[in-house]
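Before any comments, here is the structure.
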Amino acid sequence: MLSPVPEPLVRFANVRKSYDGTVDAVSALNLEVARSEFLTLLGPSGSGKTTTLTMLAGFERPTEGRIFVDGEDVTDVPVEKRGIGMVFQNYALFPNMTVAENIAFPLRVRGVSRGEMNSKVMRALSMVRLDGFGDRRPQQLSGGQQQRVAVARALVFEPRLILLDEPLGALDRQLREQMQYELKHLHQRLDVTMVYVTHDQVEAMTMSDRVAVFSTGALRQVDEPRRLYEAPASLFVARFLGESNALPATVRQHDGGSCAAALATGETVTAVMPVRCAPGSAVHLVVRPEKILLGKAAQASPNRFAARIAEVTFLGDQTRLRLVAFGADDFIVKLANTAGQETFAPGTEIDIGWQAEDCRALAE
Amino acid sequence: MPSQSDTPTGWRPRHGVYWLIIMPALAMLVLLYLVPLADVLVTSVTDPKPGLDNFLLLFTSTSVQKTLLTTLRIAALTTFVALLLGYVVAYAMRAANSSQQRLMLFCVLLPFWISVLVRSFAWIALLSSRGPVNAGLMAWGLIDEPLPLVRNETGVLIGMVHVMLPYAVLTLYANMRGIDVRLVAAARSLGASRFQAFRMVFLPLTRPGLIGAGTLVFILSLGFYVTPALLGGGKVLMIAEYVAVQINDTLRWGLGTMLATTLMLSVLAALWALSRVLDVKRLFGA
Ligand SMILES: Nc1ncnc2c1ncn2[C@@H]1O[C@H](COP(=O)(O)OP(=O)(O)OP(=O)(O)O)[C@@H](O)[C@H]1O
Ligand SMILES: [Mg+2]
């Protein structure tokens, strides 16, 4: 893991959190967030994303470890002194206040003068394209509009950091996509640091500079979306982001970053090995479905195997093949819908293959 | 229509059966409640002679006015103190975990099962000049002379607050439970101190509960009879006791029923005013 810039805005140093004293909700967390970065915490339900965010916001105290913001140890700083804006999944707009009063709230508690407050609220309203909605009550707005008010309220006091916990979770697909775009746009325009939580991998890929993948309280990998997809460091990450074919195998020998591994069916495969495993250890060979070469193309590749087509599904932009290969029937191949693409019929025997650099040997 | 005879037309007979079932209760209600009530209303404008003379006493009789003022003052004070104490208890209940909550609810409801009469005598015993409260305070050297805690307005107030507290607590608690705790968390994250978050977010959201509990306690306090009669030591005359005296002792039925009618009309007016500001049904969890 490479740290992005010399001095990060946020740094988790060996943070552990246990609510009940027996199970760790978050364990051994070392994570840095760079200035102006859009970092997404991604992971399945219960993996510790919200816990990480609430510790940073100051609602929960780490059981162990320290949290630094701007070089300052904030582990014992109360919530209201941290100067961090937060957007909640349910928006948490104050129902007893108008939209404008909601947005003015962080300014009011900071004792900002009335004139300055008004102009800042106006600016925040137009930033989220809600000019003229200031006098409404939150209950009179649609879900997407409420969401935007929540964002404006977190932005208006110009915090150094904005945290968003599944802010789009309650919106329908179309509105979600539109809001993803708007949030990303705001992030770029305001040059603010955002830490975003989601369990939707597409959302994470769309919006983030970097994605931190969590599973059961542990940070598995932090990287740019593209590297996370192309170069997962573990089977979990490979499976969680996009689709993968994972073949169980045993390492025979390795040199440098690559290895030769034997499949259960006897074939030997050359693969990239990002994390060194001793000969004899069990790994999974992971190949993305779109990297599979078929027929003639496969014959030229170093890894070449026989397979039979079990099912063909046309999906518009791509065709999905399910193959019987390596003693199982769930080997997936994706073919982009390009000009001159061959068509395939179920039952056909076919050669499959892949380049050595497209196959990775990963431990669990 | 031919099909009508074979459809299970249980509608009419069954409807009749329902009426039969609720008839006794309805008859009791009409005979024992509505009829006497109407009688009270009629008496207030007919006794001793037809006309609004009785109601004129509201503006002319100093003793009537004094009683009304005492009643209003005590009811208002009771409401204020009960709301203040009830708010604290309800707030603590909301913050407690569920087993603590059950215990607190039990303690709040406990007085409901003890007769007002018993409670009043218990308070007299506790608060009298040689009772444990005064004795304790003197033993600690906090006071030299026993405080006049009972057989006066203070005693009435203490007794009435005690009776009213469960109503205030339950109404406020029902309201507070409906408030999303994340709103307070959000306020904190936006820079509000604990107190600011309470004052600017939580307190305004409990306004319906405060108005509801306040109205309920005030209305119920207006009609108190036993507690002021016993704890007031005959010195604190509230409207209910005044009415009783008119009817039982001085036999001025017209005056008594007039005051009863006035009380009832004021309560109805207060409820109507309340319904204008609040959704009463939602407030009481219906
Ligand atoms: N307040 C709490 N008290 C006790 N345990 C908690 C609390 N909050 C979370 N946990 C536990 O900590 C673990 C991590 O929870 P967390 O809410 O951080 O997950 P998450 O990644 O945000 O999941 P989701 O996607 O479902 O929101 C879970 O096992 C959860 O049960
Ligand atoms: Mg969560």
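Once the C-beta distance of A:R129 and B:C107 is scaled by a Förster radius of 45 Å, the resulting FRET efficiency is 0.30 to the nearest 0.05. Taking a Cβ cut-off of under 11 Å around A:V213, the surrounding Lys, Arg, Asp and Glu residues balance to a net charge of +3, with basic ones at +1 and acidic ones at -1. Per-residue ellipticity at 222 nm, computed for the protein assembly as shown from helices alone with -39500 (n - 2.57) per DSSP H run of at least four residues, works out to -14000 deg cm²/dmol. For region A:121-172, would you read off the P(r) tail past 16 Å as a percentage of all alpha carbon pairs? Within region A:121-172, distances greater than 16 Å cover 40 percent of Cα pairs. Annotation for B:L32 and A:V77: the two label points, set 7 Å from Cα along the Cα-Cβ direction, are 6.9 nm apart.
The phi-based Karplus calculation (6.51 cos²θ - 1.76 cosθ + 1.60; θ = phi - 60°) puts the 3J(HN,Hα) values of region B:149-160 at 9, 9, 6, 7, 5, 4, x, 4, 4, 4, x, 5 Hz, whole numbers, x for Gly and Pro.
An ellipsoid equivalent to the protein assembly as shown, defined through the eigenvalues of its Cα gyration tensor, has semi-axes of 73, 33, 25 Å when rounded to whole angstrom and sorted largest first. For chain A, the longest principal axis of the C-alpha atoms and the axis of helix A:143-155 are separated by about 70°. Modelled spin-label separation between A:L190 and B:S61, with each label point placed 7 Å from Cα along the Cα-to-Cβ direction: 6.9 nm. Listed by chain and number, the lysines placed with their C-alpha closer than 22 angstrom to that of A:K184 are A:K49, A:K120; residues fewer than eight positions away on the same chain are left out. Using the Cβ of A:A34 as centre and a radius below 15 Å, the other residues enclosed give a net charge of -4, where K and R count +1 and D and E count -1. For the peptide A:70-82, the mean number of other protein chain Cβ atoms found within 10 angstrom of a residue's Cβ is 2. In this rough spin-label picture, where each label sits 7 Å from Cα along the Cβ direction, the A:E349-B:N152 distance is 11.1 nm.
Peptide A:173-179 is shielded by partner chain Cβ atoms: per residue, an average of 0 of them sit within 10 Å of its Cβ.
Extension gain for A:R239-A:Q174 works out to 20.8 nm (0.36 nm per residue, less the C-alpha to C-alpha distance).
Subtracting the Cα-Cα distance of B:A92 and B:L69 from 0.36 nm times their residue separation leaves 4.8 nm of extension gain. Dividing the mean sequence gap of close Cα pairs (under 8 Å, 6+ apart) by how many residues region A:243-362 holds gives a relative contact order of 31 percent. Relative to its Kirkwood radius, the Cα radius of gyration of region A:10-235 gives an Rg/Rh of 0.97. Roughly how tilted is helix A:99-108, in degrees to the nearest 10 and between 0 and 90, from the longest Cα axis of chain A? Tilt relative to chain A: about 80 degrees.
Taking Lys and Arg as +1 and Asp and Glu as -1, the other residues whose beta-carbon sits under 14 Å from that of B:R194 total +2.
Convex hull volume of the Cα atoms of region B:160-286, normalised per residue: 124 Å³. Relative to the longest principal axis of the Cα atoms of chain A, the long axis of helix A:114-127 makes an angle of roughly 30 degrees. Between B:S61, B:S44, B:S128, the residue with the greatest mean-square fluctuation in the GNM of chain B (Cα pairs under 10 Å linked by springs) is B:S61.
Here the extension length gained between A:S36 and A:A246 equals 72.0 nm, from 0.36 nm per residue of separation less the Cα-Cα distance.
Partner aspartates and glutamates whose Cα lies under 17 Å from the Cα of A:K296, excluding those fewer than 8 positions away in the same chain, are identified as A:E342, A:E349, A:D351.
Beyond 33 Å, the tail of the calculated P(r) for region B:64-283 holds 28 percent of the Cα pairs. Using the Cβ-Cβ distance between A:R66 and B:S266 with R0 = 56 Å, the FRET efficiency computed as 1/(1 + (r/R0)^6) comes to roughly 0.30.
For region A:243-362, the normalised intensity computed at q = 0.10, 0.12, 0.14 Å⁻¹ comes to -0.30, -0.43, -0.57 (log10 of I(q)/I(0), Debye sum over alpha carbons, equal scatterers, no solvent). A P(r) calculated from all alpha carbon pairs of region B:88-207, with 10 Å bins opening at zero, reads 12, 28, 26, 22, 11, 1 percent.
Where a number appears in this text, it was derived from the coordinates with a stated rule and is not lab data. None of these values were measured; they are calculated from a predicted model. Neighbour counts are summed over all protein chains in view; Cβ atoms, including those assigned to glycine, are modelled from backbone coordinates with ideal geometry.
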